[in-house]
Amino acid sequence: MHAPRSILPITSGRVRLWTFAIAFLLTASFACPIAAVAQSDTGHATGTVLDPAGRSVAGAHVKLDSASGARLTSTTGSDGGFMIALPTWGAYTARVEAVGFAPVTRNVDLSAATASITLRLELVAGAAEEVIVTGDVSEFALTSPDPSEKVLVREELLDANPGRPGAPISIPGLPIETASGGIKAPQYFVPGVAGDHGEPIAQYIAVGGYLVTNNLSANAHGNGYADPNIYVSGALGSVTTDGGAFNVLEGNHALNLAATYSLRPQLSRFVTLTADYRDLDLMAGFAPKDPAKKEWVALEASYGNGLMKRLEHRSQFKWNAQRVFEPSKHNITLFSLGYWGKSHEGNLIPIGYGLQIGDTVDPRQFDQTHSSIQAVDDLWKLRPSDEVAFSGFFRTYNLALYSNFGEGLIRQSEFRTVEGAEGRETHTFAPYSKTVGLQAMAGFDYHEDDIHRDDLDHYLSDNVLVYGPFLKVLSSSVTIRNATPYLALHGDMGKHLRFYAGLRSDTIELKNTDLMNSAYSFDTWSTFLAPKATLAWTPGAGAVHWLPSASVSIGQAFFTEDPRIAVGSKTAGNLTGAAALPSPFERSHSEQLVLEKELSATDLRVTVGRTTTTDTLGKIDPDNGTQQPMGPGTLKFLTASVLHRFSSFGTLQAVLSKADARLSGGTIDGQQIVAQVAPEAPRTIFDALATLDKLPLGLYGRGEYEYVGHKQLDLGNAQHPSTYEAIPVGETRLAVVRPFLNGRLELGVNGMVARGYTGQTTETFGPGWQMGAVPYCAPGSGPSGAPNDFDCGTGEQSVGIRMVSWVGGSISWRFSSEK
């Protein structure tokens, strides 16, 4: 099958010349208007708005009132910065208002020497110190061009869902499914997007202004996980979700959603112990006594046997550390992270059987992984209107996984190194009227993912007392390189209209070195031009003030498929190299409309989206390494959310999403693909969240209910005629906390009431499998007859991980009071 016309293969030498030519042209075209348009900074006030922890606050309203009665206003961008044109230097009263924070008023005397000011919000509205901020559609910024939702995380463990490894924070409206022990990376569910074996959902770690990708492409699990296990929950400052799912700072994986985790610039020293009758978690944070010093280390150690009948013997150890330097005009952020974990957790079992088989079909199942990340971001403030940043990171990752999904015990293993670097410049043009401003950003991003020995082995013994002998099924070394120049513009078009326009040009090398058969190796280059545009309108205070604000965005993105060649394709079709793949890349085009209206203390938002994807492969099968072509698809969804803030009592939020995800079908790679509902894609998601700050007896708490409705798992085929539908999943999480000693000591009780199965999918068991037996398929039983191909035939089962209710407690000690 021919590659899609939007993918342009080019040679290695030409791509390097082409990439650097584009970088040179973009830089030159960017520099010229700066030189031509930049004006004197005289008569302009610039500044930054920070929250109590020193984090930048986007969407804050800044007002400057002069003695003459003139009022000047601005709204901060994603970096917390603002610029206001002044009629004259002199004395002003500055007032800052931001959702979730108490207003701050300050008198300032502005002159050419004091034109840059920092305004710090001092109090969070509500004692619980947790705020859910839904950004107004008109307040998108150069670095976040779509309406987003930010959850500011309180330092207490309450909002980290204690006792639930793998999910350091709950994101309202985005359910997460995690294996019982949390060693295997949990998966977020987006309306209409399947959540199994690695999905195109982008995750980032914000190190200063640099987005360090957390996605692991072509992971041994499947197409690529983003693992939230790596965070110490007490070190997280916020998580921002972007439903538009793409801007020029985001690339691979950003097809349906982007989530950015931000760390705290400052940390209060604390020790927290969380436990239930089978699990124990100890977390501690260390920082200087001087709150002006932005440096800290957070550590976490946990051990437990989980909540199911199968004892996990889980061990996890983490560190997160950050330090910020501010020499001269530089703001340098250093970040370090380490994670190691292992567990003998159970895995997918036939639904309806849990306690009867000890919650595992094979007691040899085992996970072990470790990772480390070192990152740096240097933001250089050349002048009030110009910023230059240089950033980079290095990561290691290792995985050893022993699993039995129904066709026998397999081992997946890999070691990878990931590195990246970025340079970018941002320029704010002097406003050419009182309301019209313009910002521009240009940069160059490089990313390389080197996966060493991405192996899949099948054990030839079904004896639970041994692991071997084993037979190698797949063994590849994979390299994925991205070289990307990008350019973006953001500004006003009058009082009511704002725009964003960006272009990202990804040149990608995908190199697969097959260590078992060199004929299946390939090295291919492709280029994607990914444009993005957003237009936002607000009604203002005029005659149409009753209308909602509106944002319309369109964009394109891509996703690298797992480049390992399917066993079935390369034998049955006699294809070699890249020809065995319809395309090693998946491409999407998306449109999104957001309507938002604020009524008193209530935010109402409706989001309608549509995403189309090109021909793609199904996710790699963990049993035998095969990938199946799925064809192009279309996703349509509607999400409605209501967020109400009670003045000091707390917040209440509800989110409902309905989706329709379908595969178009057709003949792909010689196979007939039927049109069908996209498998494993949830059609209904509901979330209700309450944060309560003034309960009796000095208590405060949090309650959340998440529901994932029916979803089609398998429509059946000639080999497996049965149809399967997932059982709806419901989780109710509750936590109540009581502070003592002016907030230094905190005691809490938390728990979850759960029903259903997490990770629901279908697997092929041997037709003669009986409860209590270890599933096993003989070598050569697969369709190719090759010794390293195995397939049990028609014994398909609906499988999942049994969900268990629990209750636990926590005790937290801070070395200083709340204030």
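The values are calculated or read from the model by the stated rules, or taken from the named source; none is laboratory data. Quantities reported herein were computed from a predicted structural model and do not represent experimental measurements. A quick note on method: Cβ atoms are made from the backbone with ideal geometry, for glycine too, and the neighbour counts reach across all protein chains shown. These accessible areas exclude ligands, DNA and RNA; they are computed on the full protein's heavy atoms, side chains included. Shrake-Rupley method; radii C 1.70, N 1.55, O 1.52, S 1.80 Å.
As a rough guide to protection, the peptides 379-392, 539-552 ranked by mean Cβ packing within 10 Å, highest first, stand as 379-392, 539-552. Ordering of 598-606, 225-233 by packing is 225-233, 598-606, highest average first (other Cβ atoms within 10 Å, averaged per residue). Under a straight-distance cross-link criterion of Cα-Cα below 22 Å, which lysines are reachable from LYS289, leaving out those fewer than 8 residues away in the same chain? Reachable lysines: LYS819.
Seen from a random direction on average, the alpha-carbon convex hull of the stretch 700-773 projects onto 7.9 square nanometres. Structural descriptor for the stretch 742-799: relative contact order 36 percent, calculated from alpha carbon pairs under 8 angstrom and at least 6 residues apart. Heavy atoms of the protein chains alone define the surface here; on that basis the stretch 477-562 has 37 Å² accessible area per residue at 1.4 Å probe size. Computed over the stretch 240-305, the range of Cα coordinates on each principal axis works out to 40, 40, 16 Å, biggest value leading. The charge dipole of the stretch 247-366, taken about its Cα centre with unit charges on the Cβ atoms of Lys, Arg (+1), Asp and Glu (-1) only, comes to about 360 debye.
Between the alpha-carbon centres of the stretch 296-319 and the stretch 736-775 there is a gap of 14 Å. What nm distance separates the two modelled labels at ALA543 and ARG106, each placed 7 Å from Cα along Cα→Cβ? The answer from the label model is 4.2 nm.
Using Cβ point charges alone (K and R +1, D and E -1), the dipole size of the stretch 448-569 about the Cα centre works out to roughly 740 debye. The reciprocal of the average 1/r between distinct C-alpha atoms defines the Kirkwood hydrodynamic radius, which for the stretch 214-341 equals 17.1 Å. Within the stretch 319-379, the trypsin sites (Lys or Arg not before Pro) that combine a DSSP coil assignment with at most 15 other C-beta atoms in a 10 angstrom radius are LYS329.
Accessible area per residue for the stretch 329-384 is 35 Å², calculated with a 1.4 Å probe on protein heavy atoms, without ligands, DNA or RNA.
Between VAL608 and ARG755, the modelled labels are 3.4 nm apart [label points 7 Å from Cα along Cα→Cβ].
For the stretch 641-773, the alpha carbon positions stretch 69, 41, 21 Å along the principal axes, listed from largest to smallest. Listed by chain and number, the aspartates and glutamates whose alpha-carbon sits under 13 Å from that of LYS495, ignoring those within fewer than 8 places in the same chain, are GLU139.
Averaged over residues, the count of other Cβ atoms within 10 Å places the peptides 297-303, 760-766 in the sequence 760-766, 297-303, highest first. Here the stretch 451-530 is described by how far its Cα atoms reach on the three principal axes: 73, 32, 14 Å, from widest to narrowest. Using only alpha carbons, the stretch 759-819 has a radius of gyration to Kirkwood radius ratio (Rg to Rh) of 1.45.
For the stretch 657-714, the solvent-accessible area with a 1.4 angstrom probe is 42 square angstrom per residue. In plain terms, the chain from GLN672 to HIS710 could stretch by 11.0 nm, reckoned as 0.36 nm per residue minus the Cα-Cα distance. Need one word for the stretch 351-504: rounded, prolate or oblate. Basis is the Cα gyration tensor (sqrt eigenvalues a ≥ b ≥ c); a/c below 1.5 gives rounded, then a/b vs b/c decides. Prolate, since a/c reaches 1.5 and a/b exceeds b/c.
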